[in-house]
1. Considering only residues that are under 30 Å from residue 317 (Cα atoms), within 31 Å of the chain's Cα centre (by Cα) and not acidic (Asp, Glu), which ones fall in region 211-254?
2. Is it the case that residue 173 is modelled with pLDDT of 75 or more, assigned by TED's automatic domain parsing to the domain that holds residue 144 and either part of a loop (DSSP other than H, G, I, E, B) or surrounded by 10 or more Cβ atoms within 10 Å (Cβ to Cβ) (or both)?
3. For residue 432, are the conditions met, namely being closer than 17 Å to residue 373 by Cβ, of a type in the set (Ser, Thr, Tyr) and surrounded by 12 or more Cβ atoms within 10 Å (Cβ to Cβ)?
4. Just to check your reading of the model, which residue among 385, 374 is buried (at least 16 other Cβ atoms within 10 Å of the Cβ), closer than 18 Å to residue 83 by Cα, modelled with pLDDT under 95 and outside the structural domain of residue 99 (by TED's automatic domain parsing)?
5. Is at least one residue of region 49-59 modelled with pLDDT under 80, touching a helix residue (DSSP H, G or I) at 6+ places or on another chain (Cβ under 6 Å) and surrounded by 12 or more Cβ atoms within 10 Å (Cβ to Cβ)?
6. Determine, yes or no, whether residue 162 is surrounded by fewer than 16 Cβ atoms within 10 Å (Cβ to Cβ), basic (Lys, Arg) and either outside any helix (DSSP H, G or I) or in contact (Cβ under 8 Å) with a residue 40 or more places away in the chain (or both).
7. When region 254-280 is examined, which residues are found to be surrounded by 12 or more Cβ atoms within 10 Å (Cβ to Cβ), at pLDDT 50 or above and assigned to a loop (DSSP other than H, G, I, E, B)?
8. Residue 353: out of contact with any strand residue (DSSP E or B) (no Cβ under 8 Å at 6 or more places or on another chain), closer than 14 Å to residue 442 by Cβ and surrounded by 15 or more Cβ atoms within 10 Å (Cβ to Cβ), yes or no?
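The values are calculated or read from the model by the stated rules, or taken from the named source; none is laboratory data. Nothing here was measured: the structure is a model prediction, and the numbers come from that model. Using ideal geometry, Cβ is built from the backbone for each residue, glycine included, and neighbour counts are taken over all protein chains shown.
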Amino acid sequence: MIDPPAAAPEAKADDLSASALLAVARERKAAEDRAAADLLEVAARWADLHPPESIHSAASFTTVGCEREEPIAGPGCPLVAEFCVAEFGAVLGISTLSAKKLIGHALELRHRLPRLWTHVQAGVVPAWRARSVAETTIHTSPSLTVEAAGWVDAQVAAVAARIGPAQLDRLVAETITRFDLAQPDPAADPEDGYLHVDPRHVTVHGQDVHFAGTVRIDAEVDLADSIDLDRALAHGAATQKALGSTESLDARRAKALGDLARTQTALDLFHQSTGSAKSDTISTDTHDRDGLPAARQVVLIAHFDAHTAGDTTVFGPTGQMEHGRRLALLDQIQAWCADSRTEVTVTPVIDLHQQLNTPAYKIPDRIRDHVTLRDRTCVFPWCSRPARACDIDHIIPFDHDAHAEGRPQTGPTQTGNLAALCRTHHRLKTHTTWRYRMIDPGVFEWTSPHSHRYRRDQSGTTRIGEPPD
């Protein structure tokens, strides 16, 4: 049973002693854990109220790099209607993807990890730790059967309050071997469960940008690949030093990795050494002043605040890259543009206050760019998918028969009637009773099936009032 929240104590923190403050901190942490456990129960009940009408309308995750989809929880858990997830997330102030994970974790715990679920509801195990176990058992490859998940549950339940990620990985690897879930590999050692678990990955932490304009990369690769990569980075760093670089070894290795990322677009710098025969054949073209081709061939769109001081436009020192909404430094952009190997193309500035339109249904590139730059992300509440990866939606649907029947077009293709929606939320708007309207350029008001209302603009999402009973 979900208990109502406890009343706040009358005493203020300033009036409490050290011992009393510790007691309050402990009480607040226990309340937080209780609330998290209750939220898991609510998420599971919400899923119970929304079974899918068919397998095609069941909520699922799209596996990165593949075209297949997987359910939000493991085999043996009930399916959930796809479109119920968005409203649950919107009410909580989280994205649809985060709501999927929450509901999936609740179902995984209740149906496949019942011992762990009981410990969470009893307050023995924090909800966040149980959710980390559920996340692992849901997305293990190969998938855990109901029996295999039950065995993991039995092993974890006794030590769930203190199990770490490494222990959990070893337990899952042992489970895969114990239940013979992996495909047989003649070259694999049957005594080594880790041979059935592929830990390789490369993760670019693009959302965590250092003030110096750098990002962190984590990777786990094959041993042979690691040796080759280390040798390539060492060679690149040594090449830079031989050409006069005074930067540290770490900085030169980082630059060498960037050269590798551009897939051979960085020319062998030793060919540019003075006195070589090739130096006599260097092109004098203005776009190839030093004989090196343009190494960077990507489009970067940066947003900087600017103001005019007399006849001069002054830009702020920091801005935001459109791709990944990463921090951008004006000095860094200027350094990239000053590099002779960087080909700079200046495109016309788009006036986002101008109203663009076309009589056709198909959206031309100039209008698509306008909407993309204005909205920046999907305009659904709390969605952060970049606008360039989204569909452009007619807020009021385009009337395809209006011209033939002599009626005025009620859903014109113009910037005031277009918005960026990711495919998930585009389908949500088309097939459900979610509705939205644009109240100002780039400002949208959404209404959910249960009459919750949200305002979405470039600063984020805010709730509007309270829904009727």
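1. Of everything in region 211-254, those that are under 30 Å from residue 317 (Cα atoms), within 31 Å of the chain's Cα centre (by Cα) and not acidic (Asp, Glu) turn out to be 211, 212, 213, 214, 215, 216, 217, 251, 252, 253, 254.
2. yes
3. Considered against the rule, which asks whether it is closer than 17 Å to residue 373 by Cβ, of a type in the set (Ser, Thr, Tyr) and surrounded by 12 or more Cβ atoms within 10 Å (Cβ to Cβ), residue 432 comes out as no.
4. Numbers: 374 fails: closer than 18 Å to residue 83 by Cα.
Testing whether each residue is buried (at least 16 other Cβ atoms within 10 Å of the Cβ), closer than 18 Å to residue 83 by Cα, modelled with pLDDT under 95 and outside the structural domain of residue 99 (by TED's automatic domain parsing) leaves just 385.
5. yes
6. For residue 162, the condition - surrounded by fewer than 16 Cβ atoms within 10 Å (Cβ to Cβ), basic (Lys, Arg) and either outside any helix (DSSP H, G or I) or in contact (Cβ under 8 Å) with a residue 40 or more places away in the chain (or both) - is met.
7. Within region 254-280, just 262 meets the criteria.
8. So residue 353 does not fit the description; no.
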